[in-house]
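The values are calculated or read from the model by the stated rules, or taken from the named source; none is laboratory data. All of these numbers come straight from a predicted model, not from anything done at the bench. All Cβ positions, glycine included, derive from the backbone under ideal geometry; neighbour counts span all protein chains shown.
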Amino acid sequence: MKLCLPVALTAPLLFSALPALADPVSGSDARGQLFHPERVEVVRYDAQGLSDQEVQILASVAQGQKYYAAVAFAPADGLMSEATVMAANHHTVAAAREAAMAECETRRSAAGNCVIVMEVRPASWEARDLQLSADATEAVGNDYPARGPAAFAASASTGLWGLGVGEGAGERALAACATGNEASETEAADCAVVIAD
C-alpha cells in the first residue's frame, strides 16, 4: 500500500523477487523462515532537507505501519508535499522501496529527485529465501493448514496474496492472489505459488 503522508492510503505498485513458481517451500519450512507479523523496526537514512522534528514525525508514522514499507520524499518539494509517499505491506523491502520511489517520482515537482528516508521491516530482519508481507505472514500462521493439500501464492508487484486449500489448491491460491480482496482495487498478473503441500 502507498501512504501519501500524511493522509491517503492506496494499493502498492512495483515488484521484487519472490521464489519462482517451480521453487515453493513447504508450510513448515515457510513458518520457520517468516518473521513475527507484528514486530517491526524502522531504519532511518540520512536525508537532507528534513528537520529533526520531521524525522521524528515520519518515524512515528512508520513505526505503526506493516512491513515491508518504505518512505520516499522529494527534498525540493518538502515533507508536506503530495510527493511524500509510504508504500507498505509489500513482500520485500526492495518492493516497498521501488513502489515508494515510483509514486514519489510521479508526484514530485520538476526540481530534484526523490530519496528513500525510512524503511519498515521485521524486527531483527535478515535476508531470507522467503519473505512475505505482515498480512501474508499472519495468514500463513493462522490459516495455512498443517495437513492436506494447500498452497499460498504471492504477487511481487502488488503485495497481494492468496491461499488455496484442498484439491486444486495451487490454482485456487493463484486465483485468490490475482483478484486480491474486497479492500483492494488492485489485481495481480504475476502471482506465483511460494508455499505448497
**Q.** Among (1) over 19 Å from ALA102 (Cβ atoms); (2) part of a loop (DSSP other than H, G, I, E, B) - the single one ALA47 does not satisfy
**A.** (1)
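Quick check on this structure: which one of GLY141, GLY166 is surrounded by fewer than 19 Cβ atoms within 10 Å (Cβ to Cβ), out of contact with any strand residue (DSSP E or B) (no Cβ under 6 Å at 6 or more places or on another chain) and at positive phi? Can you show your working first?
On the way: GLY141 fails: at positive phi.
Residue meeting the stated conditions: GLY166.
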Q: Considering every residue within region 101-113, establish whether at least one is touching a residue at least 24 places away in the same chain (Cβ under 8 Å), of a type in the set (S, T, N, Q) and either surrounded by fewer than 20 Cβ atoms within 10 Å (Cβ to Cβ) or assigned to a loop (DSSP other than H, G, I, E, B) (or both).
A: yes
Q | Number of positions in region 181-194 that are at pLDDT 95 or above and touching a Gly at 6+ places or on another chain (Cβ under 6 Å) | A | 1
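So for region 67-79 (the condition being in contact with a Pro (Cβ under 6 Å, 6 or more places away or on another chain) and either modelled with pLDDT of 90 or more or outside the structural domain of GLU105 (by TED's automatic domain parsing) (or both)), does at least one residue qualify? Explain how you work it out, then say what you get.
Our first condition is that a residue be in contact with a Pro (Cβ under 6 Å, 6 or more places away or on another chain); within region 67-79, this holds for 67.
So of that shortlist, the ones also either modelled with pLDDT of 90 or more or outside the structural domain of GLU105 (by TED's automatic domain parsing) (or both) come out as 67.
The answer is yes; a qualifying residue exists.
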Q: Check off (1) in contact with a Pro (Cβ under 6 Å, 6 or more places away or on another chain); (2) farther than 17 Å from ALA95 by Cβ; (3) assigned to a loop (DSSP other than H, G, I, E, B); (4) not hydroxyl-bearing (Ser, Thr, Tyr) for ALA146 and give me the number that stays unchecked.
A: (1)
Q. For GLN63, all conditions in the list (1) touching a residue at least 60 places away in the same chain (Cβ under 8 Å); (2) more than 18 Å from LEU160 (Cα to Cα) hold save one; what is the number of the exception?
A. (1)
